[in-house]
Each structure stands twice: as structure tokens, then as C-alpha cells.
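Have a look at the structure below, then the notes.
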Ligand code: SDX
């Protein structure tokens, strides 16, 4: 069922692995967390319940969920001395750079506790990560604007606390919107895991050296920041804004994306595994319409995105290359509707992906034969060269 499968040492050399966490079928567009279709979890679960499922392997009982939520609240504060870190980043610092640094610094403020079993130590560390990364993201946002930091509240759920920490103010209390709260749960459920993507592979690779979990997660955040990976959600909005500035005409952008000599890619399109529509993008697209409707908002970028999708998916180049919208194509529209600033979009992806990173690291760490990742190469350089004294060089 979910027994530890001893990996062939060869896996450790290639970066591949066996896993019982997430199943993807790129041809059929199937995504399941611990066997449950992501569509069902998006419809019926919460982010905290899905995080528990990914990390522990089964859906929690009512008591287990209640205890997990309590622990997340207990560990939701960030050491006050860490505020000094935030204050010393330049105001222009990208939140992903701040987050990766702060997560790595967590080990310094939360060293190994004496007297705990390894299992207890792992559980408290993963709970701290899940809760404090969310708190730190909101802190980074508030401090970047010179606003007072809002502390987590014991009576709010994980997601409600995030929205409150982001948007509450001493002079203008934040009014929780249940529709937005549901949208945030779904947004994070859709991002929660995705088998061996770039950032998860980074977490497993760095973790295989037996470094602490905070450092391994910090490496995952750094990898996710890349515009070809999690950073794409910010790039999609920037691309849609450029199309908007071009009078809504995407023709030149599609032309550039098809030009092999042009490094420009249609952001939010294509996927290493999905060669059909990303199942998450379907749900995200529906959520755009729903969130904008309940908020009585109109976002012209959604119209531009839908028109771009219509044109691109019918274009022979995109058809031949099996290029369809991925999770990042519509996600930014949902975040804009929530009032999240564009430079925080990838941070939102990182908070969502945390349970997956943790579950994947835990799966590796629970394998008694967890080998150090040490991929090999095919050497194509010079052989049998000799040292040449500097005066004899060309
Ligand atoms: C995420 O792995 C995961 O699971 C990631 C993720 C997760 O949940 O963790 O799903 C999250 O990272 C989604 C992807 C977000 N990135 C983007 O939207 C950036 C735009 N997309 C591309 O850069 C690209 O599609 C990748 C990087 C996502 C995947 O590309 P591959 O599989 O590495 O393929 P490739 O770059 O070698 O492209 C194959 C062909 C090439 O054409 P040829 O040279 O063969 O003629 O397809 C073309 C590429 O030029 N192509 C695109 C394109 N994506 C691929 N051409 C134009 N626009 C694009 N978006």
C-alpha cells in the first residue's frame, strides 16, 4: 500500500524515484493526491485537510484534523528577532528571495529540540514550516508597504488567518469574505503537490544530503522562483498586460512564441508532463469566473487570457507541440481578484506547494536506503590536455 520501496541505487544517480504520493497522467490530464482526484479535493476538501492527506497518507479523522489545526495555530508566530531580518531587506527585494532566506534562517531560530524522538522532531518542524511560511509571507507583504504587521489569531483558520494578516489594518478591519476564503483553499489545494517537478526534485535532492528540512525547503523555494516554473504565474500577468497595452491583440506575441530563434515563450502554456489541458487550469479558469462574479468585478485580463487560449489552442504550432494552458495561466487572475500583488504570486504558489515538498521529503527520509542524489553526466569536453605557462598562451 504505502510501504517503503527500496530504491534501486540507479534512481539516486538519475534524480528519478518511486513515490506513493501524487499520480499524474500527462496524456489523460489526470492528477490524484494519495489516489484522490484533485477535482474532488478542490470541491470537497480544505487546504489544511489536503496538506494532512499528502503528508500523512490518509484523510484525517475529525480529531486528527482538529489537533493538526490547533498545532498549526500554536506555531503560527515568527520569532520576534526575525522581524529584524525583514526590516533590513531593501523595500524592492522580491518576496521569493526574502522567503527563501527567511525559511533557511528558521533553523537558526528553531534548533533541534533535545529529548524528542526523530518522528516528534520531524512533526514539529513540518508544522512550524507550514504555519510560519504563511505568516512570513504576510509579514513580507506588510513590511514591504511600511504597514504594521498583523499577528495570527487563534480563532481564525489557516487560510482565514492568511487573508487577515495580509489585509487587516488597525484603522480598517478586514471583513472576511467566505467566497474568497473558499477560493484561497481551492487555489492552494490545486498547487499542493505535483510529483517530481523541478522544485520538488530540488527538495528531495538537497534533502538526500541529510541537511535539515528548513534548508531543503529553502532550496525548493529558490527553484520555484524561476520563470519557467512557479515564477510563470507572475510572468503570465505581465504578458497579458503587454497584450492589453497592444490593444488586446496577441498576434505579435503568438508569432514570437512560435519563432524558434526567439527565446520568448507563451507564459502559462506548455508542460513537461501534461500534453493535454492541465486539469488544474480547468478548475482555475472556472474559479476566475466565479470569484469575479461574486465580487462583482470585471478583469479585462481574463477576457484577454480567454481569447489568447482560444487562438493558441487552434494554432497548428501549439497543437503540434501539445501546448495547452497550465496551472499558471489563469491563477494570476484569481490572485488579482483576491487583492494579492503580482510580486507575491509565486509566494502564493510556494505556500500551496509546501505540503507536497514536505510529503516528498518525508517519503525520501523514511526510506532507510535513501541514497545521496548524485546524478552522472556524459563528458563531451577535451581530454588529455596539458598545462601551458601563461607567457606561452595565445
Ligand atoms: C509549472 O513540472 C511541473 O509539474 C511544474 C508545475 C508544478 O505544478 O510544479 O506544473 C508548475 O512550472 C508549470 C509550467 C510553468 N511555466 C510556463 O508556463 C513557462 C512557459 N512554458 C514553457 O517554458 C515550457 O512549456 C515548459 C518549461 C513548461 C516545459 O517545456 P519543456 O517540456 O521543457 O519543453 P521544451 O521547452 O523543450 O519545449 C518543447 C517544444 C519546443 O519547441 P521545439 O524546439 O521542439 O520546436 O515546445 C516549445 C519549445 O519551443 N514550447 C513552447 C512553449 N513551451 C514549449 N513554445 C512556445 N511557448 C511555450 N510556452
Quiz item: Where a ≥ b ≥ c are the square roots of the eigenvalues of the C-alpha gyration tensor, would you call region 212-309 rounded, which needs a/c under 1.5, or, failing that, prolate if a/b is larger than b/c, or oblate?
Solution: oblate
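Quick one: length gained pulling residue 314 to residue 171 fully straight, 0.36 nm per residue minus the C-alpha distance?
Numbers: separation 143, 0.36 × 143 = 51.48 nm, distance 5.05 nm.
Gain in length upon complete extension: 46.4 nm.
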Quiz prompt | Helix-derived mean residue ellipticity, 222 nm - over the chain, DSSP H n ≥ 4, -39500 (n - 2.57), to 500 | solution = -17500 deg cm²/dmol
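Could you give the length gained on full extension between residue 113 and residue 27, defined as 0.36 nm per residue of separation minus the Cα-Cα distance, in nm? Don't jump to the answer; show the numbers that get you there.
Numbers: separation 86, 0.36 × 86 = 30.96 nm, distance 4.61 nm.
Using 0.36 nm per residue and subtracting the Cα-Cα distance, I get 26.4 nm.
Return the equivalent ellipsoid semi-axes of the chain as a descending list in whole Å, where each equals the square root of 5 times an eigenvalue of the C-alpha gyration tensor.
For the chain, the semi-axes come out at 31, 31, 23 Å.
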Exercise. Just order 292-302, 92-102 by mean Cβ neighbour count inside 10 Å, highest at the front, would you?
Key: 92-102, 292-302
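Can you put 166, 136 in order, fewest other beta carbons within 10 Å first?
166, 136
Given axes a ≥ b ≥ c from the Cα gyration tensor, I'd like to know whether region 22-144 is rounded (a/c under 1.5), prolate (a/b larger than b/c) or oblate.
Working: a/c = 2.25, a/b = 1.44, b/c = 1.56.
Oblate shape, in that a/c is at least 1.5 and b/c is the bigger or equal ratio.
Let me check I have the definition right: for region 156-243, take the eigenvalues of the Cα gyration tensor, multiply each by 5, take square roots. What are those semi-axes in whole Å, largest first? Could the numbers behind the result be given before it?
Details: eigenvalues 171, 78, 32 Å².
That gives 29, 20, 13 Å for the three semi-axes.
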Self-check item: Virtual paramagnetic centre 7 Å along Cα→Cβ of residue 151, amide N under 15 Å, in region 63-79
Solution: 73-79
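Show me the ranking of peptides 216-223, 318-325, 31-38 by mean Cβ neighbours inside 10 Å, starting with the highest. Could the numbers behind the result be given before it?
Working: 216-223: 25.0, 318-325: 17.0, 31-38: 19.0.
Ranked by mean Cβ neighbours within 10 Å, highest first: 216-223, 31-38, 318-325.
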Exercise. Provide the descending list of Cα extents for region 290-394 along its principal axes, expressed in whole angstroms.
Key: 72, 45, 33
Quiz item: In what sequence, highest mean first, do 77-90, 237-250 appear when ranked by Cβ atoms within 10 angstrom?
Solution: 237-250, 77-90
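With only alpha-carbon pairs counted, each pair once and no self-pairs, how large is the Kirkwood hydrodynamic radius of region 306-345 in angstroms?
Working: mean 1/r = 0.0869 Å⁻¹.
The answer is 11.5 Å.
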Practice problem: For region 125-196 and region 55-107, compute the distance between their C-alpha centroids and round to whole Å. | Solution: 10
Quiz prompt | Stretchable slack from residue 290 to residue 382, in nm (0.36 nm times residue separation minus alpha-carbon distance) | solution = 27.2 nm
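Can you classify region 239-363 as rounded, prolate or oblate using the Cα gyration tensor, where a ≥ b ≥ c are the square roots of its eigenvalues, rounded means a/c under 1.5, and otherwise it's prolate if a/b beats b/c and oblate if not?
Working: a/c = 1.81, a/b = 1.17, b/c = 1.55.
Note, shape of region 239-363 comes out oblate.
Each value in this text was obtained by applying a stated rule to the coordinates, not by laboratory testing. Note that the structure is predicted; figures quoted are calculated from it, not measured. Every residue, glycine among them, receives a Cβ derived from its backbone with ideal geometry; neighbour counts consider all protein chains shown.
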